[in-house]
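Worksheet: one structure, shown below.
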Protein chains: 2
Amino acid sequence: MSWEQAWLAYHCVVNYEDASYFEAIYTLESGKIIDNALEELRLATNKMFGKSIAIERSMPQKGICLMLIEEISLNEAGYKIERKNNLIFLSANTQKGLLYAVFALLRLAACKVSLSDVHLVSVPDKEFRMLNHWDNMDGSIERGYSGNSFFFKDQKIEVNERTKDYARLLASIGINATVINNVNVRAEATDFITEPYLKQLRVLSDLFESYGVKLFLSLNYAACIDIGGITTADPLDKTVISWWEERMELVYQHIPTLGGFLVKADSEGRPGPFTYKRNQADGANMLARAIAPYQGIIIWRCFVYNCQQDWRDKKIDRARAAYDYFYDLDGEFLENVILQIKNGPIDFQVREPFMPLFGKLKKTNHMMEVQIAQEYTGQQIDLCYLIPWFKELLTSRTYCGEDKDTIADLLEGKCCNHKGRGIVAVANTGNDENWTGHDLAAANFYGFGRMAWDSKLSPEEIVKEWISQTFSDKREVVMVLTKLLMMSWPVYEKYTAPLGVGFMVTPSNHYGPNIDGYEYSKWGTYHRADHFGIGVDRSLKGTGYASLYNPPLAMQYEYADTCPDELLLFFHHVDYNHILHNGKTVLQHIYDTHFEGAKKVEEMLSMWEQLKESISPEKYERTLIRFQQQRNNAKEWCDQINSYFYRKSGIADQHQRPIY
Amino acid sequence: MSWEQAWLAYHCVVNYEDASYFEAIYTLESGKIIDNALEELRLATNKMFGKSIAIERSMPQKGICLMLIEEISLNEAGYKIERKNNLIFLSANTQKGLLYAVFALLRLAACKVSLSDVHLVSVPDKEFRMLNHWDNMDGSIERGYSGNSFFFKDQKIEVNERTKDYARLLASIGINATVINNVNVRAEATDFITEPYLKQLRVLSDLFESYGVKLFLSLNYAACIDIGGITTADPLDKTVISWWEERMELVYQHIPTLGGFLVKADSEGRPGPFTYKRNQADGANMLARAIAPYQGIIIWRCFVYNCQQDWRDKKIDRARAAYDYFYDLDGEFLENVILQIKNGPIDFQVREPFMPLFGKLKKTNHMMEVQIAQEYTGQQIDLCYLIPWFKELLTSRTYCGEDKDTIADLLEGKCCNHKGRGIVAVANTGNDENWTGHDLAAANFYGFGRMAWDSKLSPEEIVKEWISQTFSDKREVVMVLTKLLMMSWPVYEKYTAPLGVGFMVTPSNHYGPNIDGYEYSKWGTYHRADHFGIGVDRSLKGTGYASLYNPPLAMQYEYADTCPDELLLFFHHVDYNHILHNGKTVLQHIYDTHFEGAKKVEEMLSMWEQLKESISPEKYERTLIRFQQQRNNAKEWCDQINSYFYRKSGIADQHQRPIY
């Protein structure tokens, strides 16, 4: 199966005044990472400028110099790019830093940024910049919308040219860690920590290391039962403890560079410490102790909730679950445990408040988990560029009581006792030739990495970089695609579940509208619409969820009057004629946004059609089909949502548009 | 895998005054069918009375005599049972008739009916009494709720002791034809009409013949493309015609006794004549001509409708489809074509009007298709004894303008130019040890056969026969089980979709409530509930469906005032406060029946628990679990339906019961 090179396509760059620097490279360093950096420079120079770049052993007249330096402020991954006379100097404390510098330089060249005044100092602001793949050993991908896995096929691990290209893509945007297998560890994947698999994983880990990427694995918490043959997985049981100690020793004998393990326990049917009446810290710490001698890390997912809820019960609230389970355990986790917390309290919706654990946990390492796989945001059929949404999250204030208090500050370790450790995305790749199914969905992959590196980047500048590298630096292409991508998230929000209420999707596949799809189910995701109004009361009169936030936010969310419109139905059950801050009634807002959203998708389709001559026919056609699907999908959402509320409320649209 | 004997268990019969007749059998006949009849008598005598029965070559002093006679009124399958002195005479025109007589005699004995005055003359009133299995070659069963297929496993046909027991079960209730493979003929099943399979099918056909059962097969209409390699399946194309002629010759060389083929064409994605702009008669007749030389029959399903309907369009009506496609073709089908028409215009719902083609087709052979597999009526988890429903259908008047005009009359060939040919059921069996998953679901299998033989039997007498044979003739068991089974269909109707509106089930699996599950879909099954009311307008102001019936019914259904309550929402969109004939508003009726239905299921569970001491522990426990599931299911239906309508209408329950 063939594949493309995404944003590392290195299209021919014409009329670039600084092409002449790409004649010679000079470096004294050697090693696997440096080799890969030089190989990348050579490949890119060849493709972008049609010439071979020479590796010099002495300083050239004109060219690129890679140098290791010692400069604390650059940290273990930062770099500098400067011009001195006819030389471009890339410098860093580590080989990894130099690799990042090379990719940065190539990005500048692809975007035709002048190098004459270049003085770029870049240090990643987050320690962990990580991907989570939900790939299964049989080659399927849970919530995967880009074909099958390129890591696994027929229960075997694959390491090949594509895996290498994957590592290059990660390195090019600064991603430094990845979990290759599904957090739901089923069947054969449990056996990853046995010898036959460990040998293969070592090869993969070495490849990743040569691109500065740490390999992590998802772990089956009950492996001591499933492969150890022990009858319990009680984290305080001595047999269990020593089984894990021995197992970790074996694992690290084979893969000394393994980053550690990701664990989803006690969630959606997965086993965990609750089974043995232990708490989440007992479970995580037991594994953390076993892995500590090898500097390994246990990443513990906080996606724990009761998935057998009775829809009749309006006092139980899934949104509270992670907070309720983990807040009281703050400080109970060992130093090599990192909690992985979803951005919102429900599940990767198009709009949610941030999880209230952020800004509340003060003594526990933690990271934020987002999802670029678009499970609930169009599944890489509907365009939804998520970086503006992540940017909003990152700039949200947590009111943790410190000077710096945004989520970005937190994840960068600037507040809450430096307990924020980074950011993680559920990946959106597969073995489709374009990696992400929808060509434009690769912007989420790229954008996640860039924003993980530097929260201060704007979604718009990221997208422009990505377009220039992926498609073309032609003004029209950059303009139209930037507009398309930047409008896509707000448009998706308009035509789907309104005002933060979430879900309303088809059960199990999560694509397409089904307003009552989860309303009478055990999953805890309700909208509570009746004849008079809609929304979930999470004030103190309801589930009390709003009060979990730090004071200024708790107060703001507590009352419908002060709650931001876009989250109103998440926090409050209001009448359809409740007036929003925008002056419209809730119901008229629903009608208006849905008609508008569907219409905007028509526009998006036309915008794509404008680009017909500027995009390769293959990419154009396969993307066109997706825009057409999105148009149909948006129409279904619009008509079903509007008809549903019209039928339920009996209140007509003020503008008498067609509702059924 | 082991299995039980269902109603042929032949439990020990104590204190039966007429056991003494079961000492000797006398017959002059021989042949495969007779051999099977004698074997059955021997087996049953042994198990019921603990003694061996002797086969005599001369008339015994006391015993049972099997005699072929010539008596036109008995037809090819009827029989007589009479006592003369110390002899019980079973007589018939055919060996098949004698086999039926033996099973009838054993039924009488199991029910301890006195033989002293026995004078039973029984002639089946319908020509075809048929089962359709939806079994796939991989062993799965479409809409099967009793395990896997016992006909197919791993793409192979199985003929073994279980297949023989299946044939015995059929013969014992008079079923004389069966289609063993899914009407959706996929993959390997297309190859049934090729030599390797034909050889195996011959063995099965011979086995069935020895129990008086004709084997039929489902046919892939496009087989001429798929295995013939022809580029078209146009029924008027000469290549197609001669391909089928040759193929039928080959088929009948191998299986001279094959009954013929069942065809689902142009339906739910299956290929058919519409693809070539031909009508349904063109397709059916082409095949019928090819099979005619061998006295074969083509059974052509009328389940043809557009499954890509736009839910926004209120003028299109799936209910009309079969009528619209087939009524105009009346008289166009060849004599060896039988149309197979579902009992109702939608799809095996708990309540539907009968299909208006009944009583309208006057020049085309046709049969009625019912479903005992309970796809929409509890899936053999919820108890739903369907024979009272079929009895209602059979006694419905079609107003075809003749003296005899019920559906039973029609299927018995007593009106409409004798074009009614019988009745067919989609089967509810699988390889579960009790054949039907739910032990009590076997009553539908048994009851279908009995009612197919004789429309005049009452559902209650059928069920009593079945209980005595299956469980015990203990008064309490018979009483409780009869009550349970007889109440089960009305109860199921109470707690599910109200007043004939249908569906409201979970999409794709069709089990459990989902009120809007199909409301905004392409499947054509809508309830059109809004804030003011509910129902589908099928009057002349709506889709005009009501007018398809013969006049008295068309008039009755046309108006909400005269439409029977139980079909009101099928034919009319009415306000929630519309007053039913029972004096209640539609909405209060919905609330009342749903609370009542859920409560009745609690009673049913208690009734079953009463029988704990009288039923074998294994049967008791496995059935108990199903009643518990049914209780939970009924509660979900009740609460979801009531909450849905309360939330939509804003109208409270008069009795303030819990609604959410």
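Segment A:126-197: which GluC sites (Glu not before Pro) are DSSP loop and have at most 16 other beta-carbon atoms within 10 angstrom? Before the final figure, lay out each step's value.
Numbers: sites: A:Glu127, A:Glu142, A:Glu158, A:Glu161, A:Glu188; in loops: A:Glu127, A:Glu142, A:Glu158.
Sparse-neighbourhood loop GluC sites (Glu not before Pro): A:Glu142, A:Glu158.
Report the trypsin sites (Lys or Arg not before Pro) located in segment B:423-508 that are in a DSSP loop and have at most 15 other Cβ atoms inside 10 Å of their Cβ, or state none. List each step's numbers first, then the result.
On the way: sites: B:Arg450, B:Lys456, B:Lys464, B:Lys474, B:Arg475, B:Lys483, B:Lys494; in loops: B:Lys456, B:Lys474.
Sites meeting the loop and neighbour criteria: B:Lys456, B:Lys474.
Between A:Gln654 and A:His11, what is the FRET efficiency for a Förster distance of 56 Å, r being their Cβ-Cβ separation, to the nearest 0.05? Display every interim value, and only then the final one.
On the way: r = 50 Å, r/R0 = 0.89.
So the FRET efficiency works out to roughly 0.65.
Taking 0.36 nm per residue of separation and subtracting the Cα-Cα distance, full extension of the segment from B:Lys483 to B:Met607 would add 43.7 nm. In order along segment B:325-331, the Karplus-derived 3J(HN,Hα) couplings, from 6.51 cos²θ - 1.76 cosθ + 1.60 at θ = phi - 60°, round to 7, 10, 4, 5, 8, 4, x Hz, and Gly and Pro are given as x.
Label-point spacing for A:Asp138 across the identical copies (point 7 Å from Cα in the Cβ direction), in nm and ascending order: 1.0.
Positive end of the dipole of segment B:128-457 (Cβ unit charges, origin at the Cα centre): among B:Leu170, B:Phe358, B:Met451, the Cα lying farthest that way belongs to B:Phe358. Give me the percent relative contact order of chain B, please, defined on Cα pairs under 8 angstrom at least 6 residues apart. Relative CO of chain B lands at 12 percent. Taking every residue in B:430-436 and counting other chain Cβ atoms within 10 Å of its Cβ, the average works out to 0. With its label point defined 7 Å out from Cα along the Cα-to-Cβ axis, A:Asp454 lies at 9.1 nm from the matching points of the other copies, in increasing order. Here the label points at B:Arg83 and A:Glu335, each 7 Å from Cα along the C-beta direction, are separated by 9.8 nm in the simple model. Segment A:Lys153..A:Lys541, full-extension length gain: 134.5 nm, with 0.36 nm per residue of separation and the alpha-carbon distance subtracted.
Give me the distance between the Cα centres of segment A:25-42 and segment B:63-129, rounded to whole Å. Here the two parts' Cα centres lie 96 Å apart.
A crude spin-label estimate for the pair A:Glu39 and A:Ser116, with each label 7 Å from Cα along the Cβ direction, gives 3.6 nm. In summary, the aspartates and glutamates within cross-link reach of B:Lys277, defined as a Cα separation below 13 angstrom excluding same-chain residues under 8 places away, comprise B:Asp234, B:Asp237, B:Asp266.
Placing a label point 7 Å from the Cα of A:Tyr276 along the Cα-to-Cβ line, the residues of segment A:206-229 whose backbone N sits under 11 Å from it are A:222-225. Spin-label model, A:Asn75/A:Lys619: points 7 Å from Cα along the beta carbon direction are separated by 3.1 nm. Taking every alpha-carbon pair under 8 Å whose residues sit at least 6 apart, segment A:331-484 reaches a relative contact order of 20 percent. Each Lys and Arg contributes +1 and each Asp and Glu -1, all at the Cβ; summed about the Cα centre of the protein assembly as shown, the dipole is approximately 420 debye.
Which of B:Lys419/B:Lys464; B:Lys32/B:Lys419; A:Lys80/A:Lys474; A:Lys112/A:Lys483; A:Lys47/A:Lys456; A:Lys600/B:Lys314 have a Cα-Cα distance over 23 Å? Before the final figure, lay out the partial values.
On the way: B:Lys419/B:Lys464 33 Å; B:Lys32/B:Lys419 32 Å; A:Lys80/A:Lys474 28 Å; A:Lys112/A:Lys483 21 Å; A:Lys47/A:Lys456 31 Å; A:Lys600/B:Lys314 27 Å.
The answer is B:Lys419/B:Lys464; B:Lys32/B:Lys419; A:Lys80/A:Lys474; A:Lys47/A:Lys456; A:Lys600/B:Lys314.
With each run of n ≥ 4 DSSP H residues scored as -39500 (n - 2.57), what mean residue ellipticity at 222 nm is computed for chain A after dividing by its residue count and rounding to the nearest 500 deg cm²/dmol? Rounded to the nearest 500, it is -11000 deg cm²/dmol.
Take the Cβ atoms of A:Gln629 and A:Thr395, set R0 to 35 Å, and the FRET efficiency comes out at 0.60.
Taking the label point 7 Å along Cα→Cβ, B:His418 and its counterparts in the other copies are spaced 9.9 nm apart, in ascending order.
Fully extended, how many nm does the chain gain between A:Lys164 and A:Ile227 (0.36 nm per residue separation, minus their Cα-Cα distance)? Kindly include the intermediate steps, with their values, before the conclusion.
Details: separation 63, 0.36 × 63 = 22.68 nm, distance 3.11 nm.
19.6 nm is the gain from fully extending A:Lys164 to A:Ile227.
Measuring r between the beta carbons of A:Glu195 and A:Lys404 and using R0 = 56 Å, the FRET efficiency lands at 0.75. Would chain B count as rounded, prolate or oblate if I go by the C-alpha gyration tensor, calling it rounded below 1.5 in a/c and otherwise prolate when a/b exceeds b/c, oblate otherwise? Oblate, since a/c reaches 1.5 and b/c is not below a/b.
What number, in percent, do you get for the relative contact order of segment B:6-122 if the mean sequence gap of Cα pairs under 8 Å and at least 6 apart is divided by its residue count? Provide the component values of the computation, followed by the final result.
Values: 219 pairs, mean separation 33.7, N = 117.
Worked out over segment B:6-122, it gives 29 percent.
Since every read-out is calculated from the coordinates, none of them should be taken as a lab result. Keep in mind that what you see is a predicted model, and the values were worked out from it rather than measured. Reconstructed Cβ throughout: ideal geometry from the backbone, glycine too, with neighbour counts over all protein chains shown.
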